[in-house]
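Working notes for the structure below.
The values are calculated or read from the model by the stated rules, or taken from the named source; none is laboratory data. Everything numeric in this text was worked out from a predicted model, so none of it was measured. Quick reminder, even Gly has a Cβ in these numbers, built from the backbone with ideal geometry, and neighbours come from all protein chains shown.
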Amino acid sequence: MKRAMAWCRSARSPFPFDNNAAEREVRMFKFRQKISGGMRTLTGAEHFCHLRSHLATATKCGNNPLDALVQLTSGRPWVPTIN
């Protein structure tokens, strides 16, 4: 078992050692909820989640989040390519 755990931690492993990727995506929303006491409207919450999702996807695909926002506000949003 120790050997398997060491393999998972090594750089050769194609899989993350933990399962926190989903938790990291939700962290900002929960933090904002905690600080401000929640979203004021459902529409505002949906807009926040759409924006965070767009930025997270752009970042995971190796794009600069600021560039993705500039493209989004200029009317030509960045769309991920399917390989």
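Worth pointing out:
- Candidates are the residues of the range 57-80 that are assigned to a loop (DSSP other than H, G, I, E, B) and over 23 Å from residue 24 (Cα atoms); the one that is modelled with the lowest pLDDT is 77.
- The range 51-71 - residue that is surrounded by 11 or more Cβ atoms within 10 Å (Cβ to Cβ) and hydrophobic (A, V, I, L, M, F, W, C) and, of those, farthest from residue 32 (Cα to Cα): 61
- Any chance residue 36 is of a type outside the set (A, V, I, L, M) and at pLDDT below 85: yes
- Scanning the range 36-56 for residues that are more than 22 Å from residue 76 (Cα to Cα), hydrophobic (A, V, I, L, M, F, W, C) and assigned to a helix (DSSP H, G or I) returns 42, 45.
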